[in-house]
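These notes are about the structure you will find just below.
The values are calculated or read from the model by the stated rules, or taken from the named source; none is laboratory data. All values reported here derive from a predicted model rather than from experimental measurement. Positions of Cβ are generated from backbone atoms using ideal geometry, with glycine treated the same way; all protein chains shown enter the neighbour counts. Just the protein is used for accessible areas: all its heavy atoms, side chains included, with ligands, DNA and RNA removed. Shrake-Rupley method; radii C 1.70, N 1.55, O 1.52, S 1.80 Å.
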Amino acid sequence: MKTQRWMKALLSIGMLFTVFGTVPPLAVNAQEQSDDWDGTADTSWYVEGESAFTIDSAEELAGVSKLSLEENVTFDGVTLRLTRDIDLDGHKWTPIRTFDGTFEGQGHTVSNMYVEEKDAVSGFFGYLSRGALVKDLTVADAEVVVPPTNGYFYQGVFAGWANNTSVINCGTSGSLTVDASGSDVPSVGGFIGSCKGNTSLRNCWSFVDVKATSTEEPVMLGGMVGQWENAADGAEMVDCYFGGSAEAAEATTSTAGILGAALSFNGEVVLISGCVSYGTLTVPKGAEENAVHIAALDENGLAQNCLWPDDGKTGVVRLVVDWGSGTAGADPNFDESTCGQKVTDFADPQIIAMLNANAQTENLWTLGINGYPVFAHQSDRILADYRAIDAAREQIPEDLSLYTEASVKNLNDLLASVNDRLSMDEQDQVDAMAKAIEDAIAALEYRGADYTAVEEAIAKAEALDPEDYTDFSAVEAAIEAVEYDKRITEQAEVDAMAKAIEDAIAALEKKPNTVPETPKDPQDEETEDPADTAAGNMTAGWASLVLGSLGAGAYLIVRRRETKA
């Protein structure tokens, strides 16, 4: 890691704590911070002196912020229980200024939070302090914008600053964009901007995309926590992970996945144990050494059993701090393997087994939809059970060419529409897809049989004249027996119909071949000459006479009379 110009500001931070001691720098007041909540804030549920309340709506949740900001209610000794998921619908959220009590999320999610403070800490909570406890709460799909007018040091999504606080089973997702040109080295974290004292973070995560846009002003940037300042006994980040992205535009900015920088002016140690970072780190060209997956630790920092990707970036850096000059650089002799190991394939079951073996919570880790470790209770990040879909696919016939084009298309369209990245929370959608595939398989329609051979045989029969054959009834019967409702699976029967017609045609016997008397064509007779006709009559008369002489005399008389006549 290159010499950190941002260290010049750390001395001023040290001076700040010398002046204020352990009191959080609450420079925000009601006049500086206007309540810009777009909906209503309901505070009617709060009764001073009572120790437990339920938060049942966005309006009541906004009431927590209003009570903190306008009436300086810190909820010390009070327990708030969130009873349902809350959608802030992108309306501007004013961070809960100071919270010293217990907030039980009960597994619920506050989504679509939008924060843009002109000059204040950022986060769902502003300051968590004095033994505050927050557990089982997710702030999802948040958008936090820190404009250049904001000169405050602490910028986060879950909280801006946490001192002597316990946060358990909590996480964030969304974006945090910081223009640090109006601040002097702010602490920027996708989960918490800055932690202090004996704050404990256990089983927490961040999928936030953190981006510092200023090219002139450095920041302490972390996917989880930007900076840990002045640790105390019990300070720890245990079994936490980062899967978002961290990007810095300024070349000396410390950019890390878990902790941007651990700097203890009091010599106390912050422990980072069993943490995993597989998010994306982006720094300016030439400043690659400032990208660190786990943390940049001073001599009082300690990391163990951590995992990071084998992508060429550093896992852990040991800072050599020159407190006099306000600069720090990487210890070239530090062996990062003492803090954990690089991982080539996070989907390797042995990685999950290793994490669970070292985790403080039994069976904490599992493989997520993203192919990386997540917590076993994060049903929204764990792949749904797709066995029903797999079973349905196995029922698909091998030869789909037997079925109609429309029914096959319906099945293929369903198969193509299967979303294989749904979570356990979306199991009902997976089951519905499996049922749809089963129904489409059941609805497959066989194609009709091929009647080409039958039609050809019938055409051959129709070209014949039944009168030429002794008996044509067999052909007619074979044609009459044809059934046109056969499916492709019954093709053999259709082929047999064609053969029956062909066989009947082949068995036909023609009638005997008789030649009838052919009548004379009048046109074929010769035309007689009239003279020839007269001569012939005369000859015939004489012939009759001769014949008559040879016969009876009576014939001669009759003939002559006929002649005279």
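For residue 92, the solvent-accessible surface with a 1.4 Å probe is about 40 Å², rounded to the nearest 10. Coupling constants for the range 347-362 follow from the phi torsions by the Karplus curve (6.51 cos²θ - 1.76 cosθ + 1.60, θ = phi - 60°), and in residue order they are 7, 4, x, 5, 5, 4, 4, 5, 5, 5, 5, 9, 6, 7, 10, 5 Hz; glycine and proline get x. Taking 108, 377 and ordering them by how much accessible surface each has at a 1.4 Å probe, largest first, produces 377, 108. In terms of accessible area, using a 1.4 Å probe and ignoring ligands and nucleic acids, 181, 44, 254 rank largest first as 44, 181, 254. Of the residues 417, 68, 245, ranked by 1.4 Å probe accessible area with the largest first, the sequence reads 417, 245, 68. What part of the accessible area of the range 362-454, given as a whole %, is carbon or sulfur when the probe is 1.4 angstrom? The value for the range 362-454 is 48 percent carbon and sulfur by accessible area. On a per residue basis, the convex hull of the C-alpha atoms belonging to the range 34-120 measures out at 88 Å³.
If you add up the charges near residue 404, with Lys and Arg at +1 and Asp and Glu at -1, over every other residue whose beta carbon is less than 12 angstrom from its beta carbon, what do you get? So the surrounding residues net to +1. When the surface is traced with a 1.4 Å probe over the full set of protein chains, residue 386 keeps roughly 30 Å² accessible. Taking a quarter of the surface of the Cα convex hull of the range 134-234 gives a mean projected area of 5.6 nm². Listed by chain and number, the aspartates and glutamates whose C-alpha is less than 18 Å from the C-alpha of residue 486, apart from same-chain residues fewer than 8 away, are 405, 445, 450, 455, 456, 495. Backbone phi angles across the range 442-457, fed through the Karplus curve with coefficients 6.51, -1.76 and 1.60 (θ = phi - 60°), yield HN-Hα couplings of 5, 8, 4, 10, 5, 5, x, 5, 8, 9, 4, 5, 5, 5, 5, 5 Hz in residue order; Gly and Pro are listed as x. Taking all protein chains as they are arranged and a probe of 1.4 Å, the heavy atoms of residue 84 leave approximately 130 Å² accessible to solvent.
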